[in-house]
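Colleague: First, the structure itself, so that you have it in front of you.
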């Protein structure tokens, strides 16, 4: 499946192709598909070039996928990957201001820390309100408590390199879990750390 995913970007420039190859490995994509329903609407918030959204479109073809991102250049690149597929679309938009549709699944991969804490809570509340009962919210975030500590610093420096014009608001797992539980989610954590980077997957179920 990864080769099929990467082939969607074969007409993109070299920098995008390199990013997509690296991103598809780091995301550990198989984790996402197993926690989403086989049929419904999945919204990928902060989708960037559409790596996860495209993977879900290919792997869960009975779902409709919407990717949304504030970066119009990344969305332009993502739109070029759609081809003849009818189950995926990409939109330019601000997740905090967007009129979210009812959906069965939501993903946020390395997105939350790019918006301020008040905006984070606003977006998470919107996600809870838009999800149907038993819907899933999957959040991939850097773990500031990761051991050994160099994994966190590698993640932090990588983020600063890729997004030098924005600040990073990393929340501790206990803090983010408390916010999600307060909204009404049942939360489970999976460690996605690699040899270099620190990552956690928050699996949030609306019951």
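Colleague: Step by step: first the residues of region 56-73, then only those that are touching a helix residue (DSSP H, G or I) at 6+ places or on another chain (Cβ under 9 Å) and in a helix (DSSP H, G or I), then the one that is surrounded by the most Cβ atoms within 10 Å (Cβ to Cβ). Which residue is that?
Modeller: 56
Colleague: List every residue pair whose Cβ atoms lie under 8 Å apart, where the two residues are 6 or more positions apart in sequence or sit on different chains, the first residue falls within region 169-193 and is at positive phi and surrounded by fewer than 16 Cβ atoms within 10 Å (Cβ to Cβ), and the second residue, located anywhere, is at pLDDT 95 or above and not in a helix (DSSP H, G or I).
Modeller: Pairs found: 184/206.
Colleague: Now for a different question. Just checking, which of 190, 203 is assigned to a strand (DSSP E or B), modelled with pLDDT of 90 or more, under 22 Å from residue 26 (Cβ atoms) and out of contact with any helix residue (DSSP H, G or I) (no Cβ under 8 Å at 6 or more places or on another chain)? Spell out how you get there, then give the answer.
Modeller: Working: 190 fails: out of contact with any helix residue (DSSP H, G or I) (no Cβ under 8 Å at 6 or more places or on another chain).
The match here is 203.
Colleague: Report, by residue number, each residue of region 81-92 that is closer than 17 Å to residue 6 by Cβ and in a strand (DSSP E or B).
Modeller: Taking region 81-92 first, the residues closer than 17 Å to residue 6 by Cβ are 81-83, 85, 88.
Passing the criteria: only 88.
Colleague: Whether any residue in region 79-99 is farther than 30 Å from residue 11 by Cβ and in contact (Cβ under 8 Å) with a residue 24 or more places away in the chain is what I want to check.
Modeller: Of region 79-99, the ones farther than 30 Å from residue 11 by Cβ are 96-97, 99.
Checking the rest, the ones that are also in contact (Cβ under 8 Å) with a residue 24 or more places away in the chain come to 96.
Checked region 79-99: at least one residue is farther than 30 Å from residue 11 by Cβ and in contact (Cβ under 8 Å) with a residue 24 or more places away in the chain.
Colleague: Does region 3-34 hold any residues that are over 17 Å from the mean Cα position of the chain (by Cα) and part of a helix (DSSP H, G or I), and which are they?
Modeller: Taking region 3-34 first, the residues over 17 Å from the mean Cα position of the chain (by Cα) are 3-4, 6-18.
Hits for region 3-34 are 3, 4, 6, 7, 14, 15, 16, 17, 18.
Colleague: Still on this structure: Could you list, in sequence order, all residues of region 100-124 that are farther than 26 Å from residue 29 by Cβ and in contact (Cβ under 8 Å) with a residue 40 or more places away in the chain? First the steps, then the outcome.
Modeller: Here is the first cut: in region 100-124, the ones farther than 26 Å from residue 29 by Cβ are 116-119, 121-122.
Passing the criteria: 116, 117, 121.
Colleague: Additional query: In region 132-161, what count of residues is obtained for those that are over 16 Å from the mean Cα position of the chain (by Cα), under 30 Å from residue 101 (Cβ atoms) and part of a helix (DSSP H, G or I)?
Modeller: Qualifying residue count, region 132-161: 0.
Colleague: Quickly run through region 101-136 and pick out the residues that are in contact with a helix residue (DSSP H, G or I) (Cβ under 7 Å, 6 or more places away or on another chain) and farther than 23 Å from residue 73 by Cβ.
Modeller: 101, 102, 103, 106, 120, 121, 124, 125, 128
Colleague: Okay, moving on. Please find, among 53, 95, 78, the residue that is crowded, with 20+ Cβ neighbours inside 10 Å and part of a loop (DSSP other than H, G, I, E, B). Before the answer, list the steps.
Modeller: Details: 53 fails: part of a loop (DSSP other than H, G, I, E, B); 78 fails: part of a loop (DSSP other than H, G, I, E, B).
Every option except 95 fails the conditions.
The values are calculated or read from the model by the stated rules, or taken from the named source; none is laboratory data. Because the structure is a prediction, the values reported are computed rather than measured. No Cβ is skipped: glycine too gets one built from the backbone with ideal geometry, and neighbour counts run over all protein chains shown.
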